[in-house]
Amino acid sequence: MPPEPPATAPLTLPTGVPLAAETTGSPFRDAVVDARGAGLAMLPIGLAFGVLVTQSGLDWWWATVFASVVYAGSLEFLLVGLVAVAAPLSQIAVTALLVNSRHVFYALSFPLHEVRGTPARVYSTFALTDEAYAITAGAAPRRLGTARIIWIQVILHVLWVAGATAGALAGAALPVQLPGVGFALTALFTVLSIEAFRARHDIPTPVLAIVCGAVAMLLTPDNMLLVGTSLFAAATIARLLLRRRRGGSSS
């Protein structure tokens, strides 16, 4: 008897997000399979975000509004603090630009060309999150199609809104304010930074971030986030240009 062919392993993206190797013929069911891992991981973060909103003195429904309209993950955590202190609109706009600038690079490989129709394209662009990018961008050369991509993004969006709303309702029901909840954002980014460093062991990047943050704190403590982020972006660009220059001169 001829040997049996090896079983086809599920496709796996570089980010570790599994993509279903087989299709069921239903874009919605395929999208559920694709999005279930990342979507369920978004729920506890959404819950934490909702609690943070109410514990910051905002009404619970602001969590639903932020999650539905802003839908930008880390920016939403930052936005809570900015709104709570009535930060100028210009500061909010620059912060949003700096935090979400990575989406410009996501767009280079996100399969937006497979999404047909102007309304679908507009929503797909709006709902381009880290999780949606991780699930869909590594699917080439297999075509996902408009319906499957949109359903993936809708499922992730709904789960994020549901988690944020549930967390806000829970936070509003608490009889007292919980001290230290505002530290959730710092703890979240600390963990993400540690994991990123463990994956790449890029020592200059965290050093630059710490130095830029310290300089911003000393010079402009009231605008530490904006100035520190701007300095870090400028330092990162300068480092990249210097690395390219050295590479060109060595060749």
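A short reminder: the numbers here are calculations on the coordinates, not readings from a lab. Since this is a predicted model, take the numbers as computed values, not measurements. Cβ coordinates were reconstructed from backbone atoms using ideal geometry, including for glycine residues, and neighbour counts include every protein chain displayed.
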Inset, instruction - Take each of the peptides 93-99, 42-48, average the number of other beta-carbon atoms within 10 Å over its residues, and list them starting from the highest. - result: 42-48, 93-99
Inset, instruction - Report the extension gain between His201 and Val215 in nm, rounded to one decimal, defined as 0.36 nm multiplied by the number of residues separating them, less their alpha carbon distance. - result: 2.7 nm
Legend entry - Alpha-carbon centroid distance for the pair the range 147-174 / the range 42-72, whole angstrom: 9
Inset, instruction - Consider a paramagnetic label point 7 Å from the Cα of Val94 along Cα→Cβ; state which residues of the range 202-227 have an amide N under 14 Å from it. - result: 216-217, 219-227
Inset, instruction - Report P(r) for the range 25-175: all Cα-Cα distances, bin width 10 Å, range 0 to the bin holding the largest distance, values in whole percent. - result: 11, 37, 33, 15, 3, 0
Legend entry - Length-normalised contact order for the range 25-175 - Cα pairs under 8 Å, 6+ apart - percent: 52
